[in-house]
Amino acid sequence: MPSESLLPNAIGALVDDGIHITWRLSNETTSLSYICWPAATEEVSHIPYHSIVWCSPVADTEDVFEISYVTLISKLHKMKLIFVQLSEAGYQSSERCASQILSAAYTGSFHQPRILLLLNTKGGKGDGAAIYKSQIEPILRAARTQFTCIETTHSKHAMQIGQEVDISKYDIVACCSGDGIPHEFINGLYKRQDSADAFNKLAVTQLPCGSGNAFSLSTYGTCDSGLATLEMLKLSTMKMDVMLLQQRDNTFLSFLSQAYGAIADSDIGTEHLRWMGPVRFELGLAYKVFTKARYPCDLYVKYAIENKQQIKDHFRLYNKYQDSKVTTEVLEVTSEELRSKYPSITSSIPDDWKALPSQEMDNLSIFYVGNMPYVLTDAQFFPAAIPDDGCMDLLLFNSKMSVLDYTNLLLNVSNGGHVHHDEVRHAKVTAYRLVPRVDPKHHYISIDGESFPVEPIQVEVLPKVLTVLLKDKSYVETRFGEH
């Protein structure tokens, strides 16, 4: 491309947190050609380093740089390219200046990771392919990232990929999907002979393209695929707890949640309405609340923290400790740490587990256990969830609540305030066994949003197994400690 077509459309000045921009507004009377964007419609004055994915000097020019960054365009985060003159950069060479900008842009993360993308085009409303093409792929190409995209074609395809992928070829596996593809892929890794090596080598993340995007909401704080892609490139790795489940003779992993009762029936029971998006879940749950649906069961738990005030203290102490840590060492998991520590589900209940009162369990409405704060955009069901505290958050709702009390309680789910209600049992547990007492033909158990048989399940925490990407060494802020 001729150098005259690459004249800068902005003048920039480097500052501590980014680049201050002065735009050269286009003018029909000038001979200059601004090739990238109609700058006359822009009023950008600052580009944070965090938003920049690429910078390089333009050949045969003086102090002109190509800068690719992610910005909000028509309510979505997308890629933008500009040519900027940095005449006052103060560096000996243009190459040195570009290198310093990239170093500031990628602080704390591994620059240009090798990424495997698993694209589910049929999830959610079926617009995964369009989201990938418009928001995800342009950012990865602009960042000069090495990536391979595989489109999943059938159920359990991602699990098969997890079992067979050459882990030496990638650093990150990004699921362009809802929460089902991460569930499948993680269980594929778990089935490998070298499962510990796989969990240590690969960071797993989600670029939201489904109806349920809890993984992205909890780690990146967004359902915007462009913003999630940017965060994926910028954040550091950390180990997260997962949950080991036993049902019949099967053993598998859960990274997000397990539900029985109104939540499971509202989720799995409305699969035929998936085209509606997240609202299908809300409609299903409203119906269960107004009909006072009951889901009796037997429940045995190993408590870590039973008292609500102690949970608050635990949460505050964890965040205070995280804030004081300068670095986070990512410890490797061993094969031994991927095995169960408890007797099998067919064995007797361990002596140190507690049986919950039958009167409470006979009138159960919602049984919900989670490992991440968000389950939907406006559903912060587990605000006290911590990525690596070795605990699961247990929530129990009683069907005897009045419809008004139940409705008011659910209205607080968006801010996490529901866990403080007297009608809700909230505890931190390290293991449990659930024995449903309902007709399995008409009800569901949901594991990470996927349907499982309505049969006894036993679950325990496997600490610090899954490598993920987190900001500030924790999940997104939930304000749980402020209540």
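Over every Cα atom in the chain, the radius of gyration and the widest Cα-Cα span, Dmax, amount to 24.7, 85 Å.
Using the Karplus relation 6.51 cos²θ - 1.76 cosθ + 1.60 with θ = phi - 60°, the per-residue 3J(HN,Hα) values for region 252-263 come to 7, 10, 10, 9, 10, 6, 10, 9, 9, x, 4, 5 Hz, with x marking Gly and Pro. Backbone phi angles across region 303-317, fed through the Karplus curve with coefficients 6.51, -1.76 and 1.60 (θ = phi - 60°), yield HN-Hα couplings of 6, 9, 9, 9, 8, 5, 5, 5, 5, 4, 5, 4, 5, 5, 5 Hz in residue order; Gly and Pro are listed as x. Residues whose amide H lies under 5 Å from that of Thr237, counting only those 5 or more places away or on a different chain, are absent; hydrogens are built 1.01 Å from N in the peptide plane. Here the chain is assigned +1 on the Cβ of each Lys and Arg and -1 on the Cβ of each Asp and Glu. Its dipole about the Cα centre then comes out at about 860 debye. Of interest is the spacing of the C-alpha centroids, which for region 158-196 and region 422-448 amounts to 27 Å. So for region 389-471, considering every pair of alpha-carbon atoms, how many percent are separated by more than 21 Å? Cα-Cα pairs of region 389-471 separated by over 21 Å account for 50 percent.
To the nearest ten degrees, helix 180-190 and the longest principal axis of the Cα atoms of the chain are 80 degrees apart.
Of all lysines in the structure, the ones whose alpha carbon falls short of 28 Å from that of Lys133, not counting any fewer than 8 places away in one chain, are Lys75, Lys78, Lys80, Lys122, Lys125, Lys156, Lys169, Lys201, Lys234, Lys471. In this structure, the amide hydrogen of Phe381, modeled 1.01 Å from its nitrogen in the peptide plane, lies closer than 5 angstrom to those of Val375, Leu376, counting only residues at least 5 positions away or on a different chain. Residues Cys176, Cys297, ranked from the fewest to the most other C-beta atoms within 10 Å, line up as Cys297, Cys176. Averaging the sequence gap over all C-alpha pairs within less than 8 Å and six or more residues apart, then dividing by the number of residues, gives the chain a relative contact order of 16 percent.
For Trp54, Trp353, the sequence from fewest to most other C-beta atoms within 10 Å is Trp353, Trp54. Karplus-derived 3J(HN,Hα) values for region 206-220, using 6.51 cos²θ - 1.76 cosθ + 1.60 with θ = phi - 60°, are 10, 10, x, 9, x, 7, x, 10, 4, 4, 5, 4, 7, 9, 10 Hz; glycine and proline are entered as x.
Can you sort Tyr260, Tyr303 so the residue with the fewest Cβ neighbours within 10 Å comes first? Ascending Cβ contact count within 10 Å gives the list Tyr303, Tyr260.
FYI, it's all coordinate maths here, none of it is from the lab. These figures come from a predicted structure and were not determined experimentally. Here Cβ is always computed from backbone atoms with ideal geometry, including for glycine, and neighbour counts include all displayed protein chains.
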